[in-house]
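These notes are about the structure you will find just below.
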Amino acid sequence: MLKERELTQRISLGIFMIINKSTHLMNKVVRLACLTTVLPLAISGTALFADQPTPCNATCISHLADEHPFLDQTYPVAWSRLTPNCIVPDTQEAIRWANNQLERIAGLKTDEMTYDNTFGAYDRALTRVNEVDNKIGLISALCNSDAVRKAVDRVTPEFAAFFSSISKNQALYRALKTAAAQLQGDNSLSQERRRMMTVALAFFRDGGAALPDNARKKLEQLDRDIAQATQQFANILLDCHAAWNFETTQADDLKGISKIGIARAAKQYEQAHPGKKGWRFTWHDLSTENVMTKADSEDFRRKIWEKTSTAYTGPFDTEPLIRKILKLRQEKARLMGYQTYPDMALKDSMAGSGKKGLEFVDGLIAGVKPKYLADMEDLRQYKAKKTGRAEVSLYPWDTAYWSARQKEELYHYSEEAIRPYLTLDSALAGLFDVADRLFNINVIEKKTQYIVPGSGTPLKDGYVEVWHPQVRFFEVWDKATSKHIGSFYLDMFMRSTKRNGGWMSIITLGQSKTAHGVPARPHLGMIGVNFPQPAPGEPALLRPGNVQTLFHEFGHILHLMFSETESGQLAGTNVPLDFVELPSQLMVNWLWESSFFKDKARHYKTGEALPESLLNVMKDVKKYHQASGFMRQLMLGKMDLTVHTNPALLDNTSLNQLNRNVLGDLLYFKEPLPSVIRSSHHLFSSAVGYSSFYFSYKWAEILEADAFSRFQKEGIFNREIAQSFRDNILSRGYSEQPAVLFRNFMGRDPNPEALMIKYGITTKQQ
């Protein structure tokens, strides 16, 4: 899992599922389908979706898609038609159209009912609206502007009200219950269709269909309030990151930072203070230049840490919204008959309840804690040795810096020494080669063309339209069947109008099976990442972590590409959060266990192969202080489950104090740290997101470590095993319970010990 991945995600038919992940993913952008909120996860100002009004083709009424381009199902998408002023009318038209379809279902007579005109029609109506939602989310995440944000703010409550109202539609619920009773005796009904009926009816029950009228109205209001509050949280994060900067006029502060980073900081300072000399670092610079890793001045690092620690306070204070969201979620859970919100959120997960989720997290914490504390003490002693102060303390602004120095000394390792060997093109070639060796597929790049929105510029023959000149487009072909199974966009580089992180998103679901008289069409998805822009005239050079991100997100893409379900609601990555990361995390293993680096890593100037010594060092570095990152995720997972289980904890204490109250001696640092949930887009940037589900990253790692052990035993490029993984997991979506799908692949239930072995926390039993 990408460490700060933000995912696009939704709930549909009562299922927690990723639409991106992008999940990492993000995001992973976190979103919903049965309580949809569309998030503007980037900052304003873009050449693609600028603020000037653009015609919405309202004069053309011959087809719905001509009037409302977001409803156009042209493959691939004509992005230049999807302008901000179409977002509101197209959302309203999609909702109107879907309501008409649902009314038809509700009005059917019993003897008229078939699967196709009841559950099939219901699935198609939701899938169509979800596609509109997906496109809006992509624009919001990748091409944000003031106009986009205003439009998204308008449609957020409308989506929320629509999807919330579906589950409370008594006439529709009665019709589907009647149809289900009629169809149960139909022996020709497939297992997948029976599954669709089961989860659809469960969605209505969980959505309040059985509640009294006054309770249903209360639930609708809660859904709207939660959607709006989480939308506000997402906007605060965007505004905070856009406004944040740190300035210095002291040249000594800059020691250790790269010349490129210093030059950019000087230029940014000059723009803010014409005629004066100094350096200004933005939020983006913190990650792109690894300031906290490189800056030699501890005082400089401390000041930056203090400013980032308080970023989500003052005008960007997220605490009031977090309190509000927690209480609203708890109120909704109680209204739905659950004791706690995690019990409601996790009921369809492999954990099953908040109590079991916490037991899982606490069990891992107990196993990891000794090694984690030993890692931190080892780093403190290293700092003491290098500073000549035996009793020196380790501070939060020290860890990145001294970890980097210790890795350099232990392993003679520097990411800057690796980057010249890892070009983006070579990484993609290696990734696609691994996918081919496993799954017998061809990934073919197509020519792309950026068209200014509203310009009417025609698309060149043989080209695919994209939303930004740097976006690339790939087709995925199944060699065994010579079938085009799907395509995906790759949006690679940082820009101011794009949200942070890395994620995968579904744009449109294909039809792998011809149905309803409509020809099959390929799936369509996208990968969003934020790699540094290449220097002029040079290729994009990646860090090992960047390449790992590509492998991870491509695992999500394969989950979509190989999907073969008839129902859009059960397709691809539309699975519970504790299962969705299995394919993506599994894919990362081939980066390290295959011959990827030997075959593809070549110096971009000399063509020299990556030295064996550097490769060995990279593998050693992966093992460095693994327990620290492991524990950070567990701590957030524990905080997530704890505050959602008992929001009253915040009644008499601040978020920051809650850190100490909940995590206790797990907190190595004695400084009053900012709360680990204060800036968590995973938990609060959408109506559901990863709330009560953050621990699922580690649960998915158990599944991944266990699943990869089969490849390790029988051959990491064993096509028979890869085909089994495709047939039993990747192609099946949510057409069966994840526990059953995993058991079908492994022949048994998952072995939790596999994760501890992977991290070297326990040794393999002989």
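Just so it is clear, none of the values below were taken in a lab; they were calculated from the coordinates. Given the structure is predicted, the values throughout are model-derived calculations rather than measurements. Every residue, glycine as well, gets a Cβ built from its backbone with ideal geometry; the counts of neighbours run over all protein chains shown.
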For this session: Place +1 on the Cβ of every Lys and Arg and -1 on the Cβ of every Asp and Glu in the stretch 297-431, take the dipole about the Cα centre, and give the residue among Y312, M350, L328 whose Cα lies farthest towards its positive end.
Result: L328
Exercise. Taking the Cα centre of the stretch 231-270 as the origin, how large is its charge dipole in debye, to the nearest 20, when only Lys and Arg (+1) and Asp and Glu (-1) carry charge on their Cβ atoms?
Worked result: 220
Seminar exercise, completed: Residue by residue through the stretch 615-622, the couplings from Karplus 6.51 cos²θ - 1.76 cosθ + 1.60 with θ = phi - 60°, in Hz, x for Gly and Pro, are 4, 5, 5, 4, 5, 5, 4, 4
Problem set entry | Distant-in-sequence amide H partners of Y413 (H built 1.01 Å from N, under 5 Å) | E408
Problem set entry | Net lengthening on full extension, D111/Q92 (0.36 nm per residue, minus Cα-Cα) | 3.6 nm
Exercise. Given N residues in the stretch 404-549, what is Rg(Cα) / (2.2 N^0.38 Å)?
Worked result: 1.26
For this session: Write down the radius of gyration of the stretch 534-689 and its Dmax, each obtained from C-alpha positions, in Å.
Result: 20.9, 63
For this session: Check cross-link reach from K356 to the lysines: straight Cα distance under 19 Å, and skip same-chain residues fewer than eight apart.
Result: K347, K638, K698
For this session: Rounded, prolate or oblate: pick one for the stretch 687-766, where a ≥ b ≥ c are the square roots of the eigenvalues of its C-alpha gyration tensor, a/c under 1.5 means rounded, and failing that, prolate if a/b is larger than b/c, else oblate.
Result: oblate
For this session: Give me the distance between the Cα centres of the stretch 659-695 and the stretch 210-266, rounded to whole Å.
Result: 15
Exercise. So what is log10(I(q)/I(0)) for the chain at q = 0.05, 0.08, 0.10 1/Å, when the Debye sum runs over its Cα atoms only?
Worked result: -0.24, -0.64, -1.04
Exercise. Which is farthest toward the positive dipole end of the chain among W467, T248, F233, measuring Cα position about the Cα centre, with Cβ charges +1 (Lys, Arg) and -1 (Asp, Glu)?
Worked result: T248
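Lys pairs in the stretch 81-181, Cα-Cα under 21 Å, at least 8 apart or on separate chains: how many?
Lysine pairs meeting the criterion: 4.
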Problem set entry | Within-10-Å neighbourhood charge of T645 [Cβ basis; K, R +1; D, E -1] | -1
Problem set entry | Positive-end residue, the stretch 332-468 charge dipole about Cα centroid, Cβ charges, pick of G367, Y341, N442 | Y341
For this session: Can you tell me which of 710-716, 336-342 comes out highest on packing, and rank the rest after it, using the mean Cβ neighbours within 10 Å?
Result: 336-342, 710-716
Seminar exercise, completed: Going residue by residue through the stretch 294-308, the Karplus relation 6.51 cos²θ - 1.76 cosθ + 1.60 with θ = phi - 60° gives ³J(HN,Hα) values, rounded to whole Hz and with x marking Gly or Pro, of 9, 5, 6, 6, 5, 5, 4, 4, 4, 5, 5, 4, 5, 6, 5
Exercise. Around I507, which amide H atoms from residues at least 5 apart in sequence, or from another chain, sit under 5 Å from its own amide H, with H modelled in the peptide plane?
Worked result: L524, G525, M526
Problem set entry | Inter-site label distance for A266 and K479 at 7 Å from Cα along Cβ, in nm | 5.2
Exercise. If you wrap a convex hull around the C-alpha atoms of the stretch 105-235 and split its volume per residue, what is the figure in Å³?
Worked result: 119
Seminar exercise, completed: Quick calc, the chain, dipole around Cα centre from Cβ unit charges on Lys, Arg (+) and Asp, Glu (-), nearest 20 debye, gives 720
Problem set entry | HN-Hα J in Hz across the stretch 324-330 - Karplus 6.51, -1.76, 1.60, θ = phi - 60°, x for Gly and Pro | 5, 4, 4, 5, 5, 5, 5
Problem set entry | DSSP beta bridges in the chain [antiparallel fraction, %, rounded to 5] | 70
Seminar exercise, completed: At the level of C-alpha centres, the distance separating the stretch 157-195 and the stretch 342-388, in angstrom, is 41
Exercise. How much length is gained if the chain between I444 and N187 is pulled fully straight, taking 0.36 nm per residue apart and subtracting their Cα-Cα distance, in nm to one decimal?
Worked result: 88.3 nm
For this session: Under a cut-off of 16 Å between alpha-carbon atoms, report the lysines in cross-link reach of K407, not counting same-chain residues fewer than 8 places apart.
Result: K294, K383, K385, K386, K619, K622, K623
Exercise. So what does the Cα-only Debye profile of the stretch 635-676 read at q = 0.22, 0.24, 0.29, 0.33 Å⁻¹, as log10 I(q)/I(0), no solvent term?
Worked result: -0.67, -0.80, -1.12, -1.34
For this session: Determine the shape class of the stretch 254-402: with a ≥ b ≥ c the square roots of the Cα gyration tensor eigenvalues, call it rounded for a/c under 1.5, and otherwise prolate if a/b is greater than b/c, oblate otherwise.
Result: oblate
For this session: Please grab the % of Cα pairs in the stretch 228-327 that end up more than 22 Å from each other.
Result: 38
Exercise. How big is the Kirkwood radius of the stretch 226-268, worked out from every pair of different alpha carbons and given in Å to one decimal?
Worked result: 13.0
Problem set entry | Estimated dipole of the stretch 600-711 in Debye, rounded to 20 [Cβ of Lys and Arg +1, of Asp and Glu -1, Cα centre] | 300
For this session: Starting from the Cα of K758, draw a straight line to each of the aspartates and glutamates and keep only those under 15 Å, dropping any in the same chain fewer than 8 residues away.
Result: E593, D620, E701, E704, D706
Exercise. If the label point is 7 Å along Cα→Cβ of E408, which residues in the stretch 291-332 have backbone nitrogen under 20 Å from it?
Worked result: 291-305
